[in-house]
Amino acid sequence: MNTKGHDSGHGPDGAPFHETVTFEPRDINVGTVAKQLIYLGLTIVIALAVCVPVLHFLTKMSAEGDTPMPPVRATINMQDCLNRDAFPPEPRLQGVPCHDNDAQQDLREKIAADNEANESAGWVDKANGIAKIPVKDAMKLIAEKATAAPQEKKQ
């Protein structure tokens, strides 16, 4: 067993000490962190002070530039749906409250009908030999003709 004392690497005040290496006295400086938080808070307040008036100005400018609601639409109340005399006579535009037709449903039905027509086959004029085929099949035929045409020219 060695009875000789050893250097613990601590100075007289108990802090770590070494000739070539420095040590931080604390891991974090509370004053610096507090200052940074205050700066962050001030930056947020200044940004808010700038953005809120700009938002109000742009909202007002947008409202002034919008087209006004048609007077017919402005006077219609949803509770007037029971009283048909409160509405202008037919035909009314779709989208007006209490209108019988739904514009979105009409669009869905139109798209479905168009898709069905594009995917069906049949005679348009059988006497003259005019038929319709699905669009996918027509595209395949055109692609085959385009690839076959250059080969015929080479021969």
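The values are calculated or read from the model by the stated rules, or taken from the named source; none is laboratory data. Everything numeric in this text was worked out from a predicted model, so none of it was measured. Here Cβ is always computed from backbone atoms with ideal geometry, including for glycine, and neighbour counts include all displayed protein chains. Please note that ligands, DNA and RNA were not included when accessible areas were found on the heavy atoms of the full protein model with its side chains. Shrake-Rupley method; radii C 1.70, N 1.55, O 1.52, S 1.80 Å.
Observations on the structure shown:
- Residues in the stretch 33-54 that are surrounded by 10 or more Cβ atoms within 10 Å (Cβ to Cβ) and under 24 Å from the mean Cα position of the chain (by Cα): C51, V52.
- Residue identified as among the small types (G, A, S), at pLDDT below 80 and open to solvent by less than 100 Å² (accessible area, probe 1.4 Å) among A63, A74, A113: A74
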